[in-house]
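To start, the structure itself, in structure tokens.
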Amino acid sequence: MASQDWFDKDFYAVLGVSSDADAAEIKKAYRKLARTYHPDKNPGDAAAEQRFKEIGEANAVLSDPEERQQYDAIRQMSRGGARFTAGGGGAGGGAGFEDVFAQMFGGGGGGAQNVRFSTGGGGSGGVNLEDLLGGGFGPGGFGGYGATRGPRRGRDVEARTTISFRQAATGDTVTLQTPEGGRVTTRIPAGVKDGQKIRLRGKGMAGDPGAPQGDLLLHVTVQPHPVFGRDGLNLTVDLPVTFSEAALGATVEVPTLEGARVKVKVAPGTPSGRVLRVKGRGIAGKSGTGDLLAKVQVVVPQRLSDTAREAVEALQADEADGPGPREDIYARART
């Protein structure tokens, strides 16, 4: 969906890619920059936080084939493509496509931080650039002059907001500024996913007298968490354990998203990669509550005391009398 502020933004430059970059290049550039400027790595750095938001917005547009096509078309116009000139009755002079947008969509009105608005037509679709350029301002066209239709429903409005991983998992209330300068407060449901769209009925542009307002389509971007991941409604976390804990067994603590810790049992002989499940400590969604999945990562000691080295050497000597740990893959490799 075309946006009024796309004239002033070079999303390709923001991500540091060329205008003909493919989807893989864009994804790679976004991930690299997102890791560099993530707020968790730059606490209190307002400039890094703003850069992170710009990177997220650029990726949201360029990773969507339809939005990227519309963005490229707008960029082409801004470099000297189609322009509109003001008709008689005024002081003369040209009116740019930006001015047409402002007149059509209520003056541009700015938005809350993290939020980019754009307007959609008809109630369910976006503004089609071909409609804008292909005679849409004549009788019976985009403006509806000479048409005999009834009151038209208001246009849909799109907004984008970025929330933290914790806000997405537990739910939160956010306030957005509309293009007309008003404010809309809405509840982000618990368990919302990165890239998910939320439709707010009747929160879009006003329609003709007697017609309903359009809807607000909220695109949600969820920031990654430095410790937790998601698998549906399950939370995932890597759990480091020592060699002795994995070999002999132990009870260890696992962090939860709420900040508390829960205890889990590591069975003797637990290998790296085994997943320990903590019931009901995941994300609470409409379909139920997920679990916390702790993936064991056995930590190899970097330094050994003399006593520890002697113990490991004794273990090594004991293992030499039995089958090696790789005998199984050697046998399966020959099949």
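The values are calculated or read from the model by the stated rules, or taken from the named source; none is laboratory data. Quantities reported herein were computed from a predicted structural model and do not represent experimental measurements. FYI the Cβ positions are ideal-geometry reconstructions off the backbone, even for glycines, and counts take in every protein chain you see.
The rows are residues; the columns are (1) of a type in the set (Ser, Thr, Tyr); (2) more than 19 Å from Thr170 (Cα to Cα); (3) outside the structural domain of Pro43 (by TED's automatic domain parsing); (4) surrounded by 13 or more Cβ atoms within 10 Å (Cβ to Cβ).
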| position | (1), (2), (3), (4) |
| --- | --- |
| Val241 | no, yes, yes, yes |
| Glu253 | no, yes, yes, no |
| Arg261 | no, no, yes, no |
| Val266 | no, yes, yes, yes |
| Thr270 | yes, yes, yes, yes |
| Leu276 | no, yes, yes, yes |
| Ile283 | no, no, yes, yes |
| Gly290 | no, no, yes, yes |
Query raised in the report: Within the group Ala29, Ala46, Ala34, Ala73, which residue is among the small types (Gly, Ala, Ser) and within 15 Å of Ala13 (Cβ to Cβ)?
Result: Ala29
**Report entry** Among (1) over 30 Å from Gly290 (Cα atoms); (2) more than 20 Å from the chain's Cα centre (by Cα), the one test that Arg201 misses
**Finding:** (1)
**Report entry** Unique match (being over 21 Å from Phe243 (Cβ atoms), modelled with pLDDT under 85 and of a type in the set (D, E, K, R)) among Lys286, Lys279
**Finding:** Lys286
Query raised in the report: Taking strands (runs of 3 or more DSSP E) that fall entirely within the range 143-242, which contain at least 2 residues that are at pLDDT below 90?
Result: 156-163, 172-177, 183-188, 197-200, 216-222
Query raised in the report: Is there a residue being of a type in the set (Lys, Arg), surrounded by 16 or more Cβ atoms within 10 Å (Cβ to Cβ) and over 30 Å from Lys265 (Cα atoms) anywhere in the range 198-205?
Result: yes
Requested in this report: Please enumerate the residues belonging to the range 274-318 that are part of a loop (DSSP other than H, G, I, E, B), touching a residue at least 24 places away in the same chain (Cβ under 8 Å) and more than 25 Å from the chain's Cα centre (by Cα).
Outcome: Val300, Pro301
